[in-house]
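Here's the structure, in structure tokens; my notes come after.
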Amino acid sequence: MYLRNSAPTALLALLAPLASAFYLPGMAPASYEPGMKVPLFVNSIKPVAAPQDARLHSVVSYDYYHPFFQFCKPDGGPQYVPESLGSILFGDRIMTSAFDLRMKHNETCKALCSVKYQEKSVDFVSERIEQGYSLNWLVDGLPAGQQIQDQLTGTTFYSPGFLLGQDDEAGNILFNNHYDIWVEYHEVGGNANQLRVVGVVVQPTSKKYDGEADCGDNYPSLVFAKGSGPQEVKFSYSVYWIKSPTAWATRWDKYLHVFDPKIHWFWLVDTAIIVVILVLTVMSILIRTLKKDIARYNRLDQINLDDLSGTSVLEDGVQEDSGWKLVHGDVFRTPSRPLLLSILLGNGAQLFVMTGFTIVFALLGFLSPSNRGSLGTIMIILYTVLGIVGGYTSARAYKAMQGEQWKLNIALTPLLVPGIVFSAFFLLDLFLWAKESSGAVPFTTMLVIIGIWFVISIPLSFTGSWLGFKAAQIENPVRTNQIPRQIPPVTTYLQPIPSMLIVGLLPFGAIFVELYFIMSSIWFSRIYYMFGFLFLCYGLMIAVCGAVTILMTYFLLCAENYNWQWRSFLAAGMSGGYVFLNCLLYLVTKVKLGGLAGTVLYIGYSALISFLFFILSGTIGYFASWWFVRKIYSSIKID
Ligand SMILES: *[C@@H]1O[C@H](CO)[C@@H](O)[C@H](O)[C@H]1NC(C)=O
């Protein structure tokens, strides 16, 4: 995979060969004899960056056979091709087509069908062309792309999808009705009867045929102007088979091109170095201070014992009235709303483990892009199965907080957060339905998801909760006093909002670069395949999130404020807020959505992702602080 060429670190160089070593069932290569039919499937029509300004103008995708597009249908009507759950959720709608491709048989011009476009259809298609929509075909599972040259490195690569139409110099909108399909094939072991598809490029053109569709070069372009009335369109295509040295195993490499991976690496290494230095410095200062604190406290303890035997050390006794030791009788006091906190922690733990496993699976090459939708599928499976982790964590945390409504805890852990996410998802889906978008998840798929949730996830979560409540209560290192202590006012930067803004910024900084690539893969349908980067970023994010939250907790306790539980959760979770802000910034700079529906969908999905990220990072922050607080209070003697 591409990592092999660009990864300068030893770790990734080691992991990279693994990436191409696995092929799961269903991904076995298909071999064809000359003359055998090679399937060409069509996928949904998706918006990509519009050519005129490189911005995204819509987030609504359409079925290939949406009535307004009027593309030619195969005999007997198009059929759905079976897909995985993840593939459906991520917007694939794959169907059969009318194209007849025969292995190694060149076709110079084949007429497809002739269609009369009514005025409404012409307007609709014209608008979609303006918004930069592109067609997505699959030949033998490989996306038909356009060949693009990288200006920086001079290498060519394939970008999946090709434009529905484009505008000419005069600004007329042209509709592409002729396709030149270039298929690269590879002979397995030089055997001319065992041929495999290893590359597909489509060059669409616009031709206004006056008689037969004969693909001649001298036709004027087909202008689809708004309000220009009905149009007669004849579709045609040519197929060229080109022999290629590319082996089947590496056929995806050209699609996984990264725009200048070097810049990406510089960014990441820069961030990593800064972050690591920062974290190490801060941690070493903190550890030194803590050691001093602990030594002082324990010395004071000794002196106080001596005190009883008559020696007077008044000054030291006064000195004891400061620092985090003072709140030892309150640090493990049950926080407000322990039920909600424990539920969020359970769900956060579930997300944390799911993300970790997904990235590791991806690194090992299980989620190859040739296995369509495998990323989505594996995420759903992992999230479902890991309900047990969620239930267990939630129950144990709740028990440690001396919670009493354990039935509510068990019931709400698998219902609250997934319920919110599902409802939001359902509402957004209604918008897509209203827009007749193919992106709307079909009703049956919704039922399948609800089924999986109730039949597998919830029972597993209950099992986890049961195990969690059965386990021994986590003992606190210090006893909690009967009467809560007064909390003195804190300095500005330790107040809730400023501390959240500061603490949340740093974990966000660790993933900021990667986020950009993830967003362009979500919104611009680029293939995301930089799991090596993602792995490093996830690690960095965890480290930073833990470190800054611990630091904040230390300052908070020193200021005699013992409400560290919610404070650390919210402060670390604030990086989810930054993710949302980043999405809004992206909306302003890279996206130019026309209608209300598009904006609502964009903001809705962004909010959903940011919410999950809030829970994830909040949980990391909470458990880091929890570990820290237990550690420091168990190392001092309290009489
Ligand atoms: C098909 O056409 C292309 C381009 O003209 C040519 O290079 C190739 O050799 C032809 N293939 C066959 C099998 O005739």
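Derivation of every value follows stated rules applied to the coordinates shown; laboratory data play no part. Small disclaimer: the values here were computed from a predicted structure and weren't measured. We place every Cβ from the backbone using ideal geometry, glycine too, and count neighbours over all the protein chains shown.
So the values come out like this:
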{"read-out": "Environment charge of residue 410, counting only residues whose C-beta is closer than 14 Å and scoring Lys/Arg +1, Asp/Glu -1", "value": "+3"}
{"read-out": "Computed FRET value (nearest 0.05) for residue 450 with residue 402, which takes r as the C-beta separation and R₀ as 41 Å", "value": "0.75"}
{"read-out": "Centroid-to-centroid separation of region 214-228 and region 168-200 [C-alpha atoms, Å]", "value": "22"}
{"read-out": "FRET efficiency estimate (nearest 0.05) - Cβ-Cβ, residue 167 to residue 282, R0 35 angstrom", "value": "0.05"}
{"read-out": "Neighbour-count order for 523, 267, fewest beta carbons within 10 angstrom listed first", "value": "267, 523"}
{"read-out": "Folded to 0 to 90 degrees: helix 596-634 orientation relative to the chain principal axis, Cα", "value": "30"}
{"read-out": "Difference of contour (0.36 nm per residue) and Cα-Cα distance, residue 436 to residue 471", "value": "7.5 nm"}
{"read-out": "Alpha-carbon centroid distance for the pair region 583-605 / region 105-132, whole angstrom", "value": "28"}
{"read-out": "Alpha-carbon gyration tensor eigenvalues x 5, square-rooted, for region 361-411, Å", "value": "35, 11, 5"}
{"read-out": "Cα-based Rg / Dmax (Å) for region 325-409", "value": "17.5, 59"}
{"read-out": "Residue 337 versus residue 52: modelled label distance in nm, points set 7 Å from Cα along the beta carbon direction", "value": "4.7"}
{"read-out": "Estimated inter-spin distance, residue 208 and residue 238, nm [label 7 Å along Cα→Cβ]", "value": "2.2"}
{"read-out": "Convex hull volume per residue for the chain, taking Cα atoms only, in Å³", "value": "177"}
{"read-out": "Nearest-ten-degree value, helix 443-452 long axis tilted from longest Cα axis of the chain", "value": "30"}
{"read-out": "Packing-based exposure ordering (other Cβ within 10 Å, fewest first) of 479, 93", "value": "479, 93"}
{"read-out": "Angle between the chain longest axis and helix 387-400 axis [Cα atoms, degrees, rounded to 10]", "value": "20"}
{"read-out": "Which listed pairs, of 325/407; 292/470; 226/590; 104/590, have C-alpha distances above 31 Å, in listed order", "value": "325/407; 292/470; 104/590"}
{"read-out": "Computed Kirkwood radius, in angstrom, where 1/r is averaged over Cα pairs of region 31-257", "value": "18.5"}
{"read-out": "Long-range amide H partners of residue 440 with built H, under 5 Å", "value": "none"}
{"read-out": "For 410, 452, order by how many other beta-carbon atoms lie within 10 Å, fewest first", "value": "452, 410"}
{"read-out": "Additional length obtainable on full extension of the chain from residue 301 to residue 527, 0.36 nm per residue less Cα span", "value": "75.2 nm"}
{"read-out": "For region 328-342 and region 229-289, distance of Cα centres in Å", "value": "44"}
{"read-out": "Cβ crowding within 10 Å averaged over residues, with 528-541, 111-124 ranked highest first", "value": "528-541, 111-124"}
{"read-out": "Simple label model, 7 Å out from Cα along Cβ direction - residue 364 to residue 273, nm", "value": "3.4"}
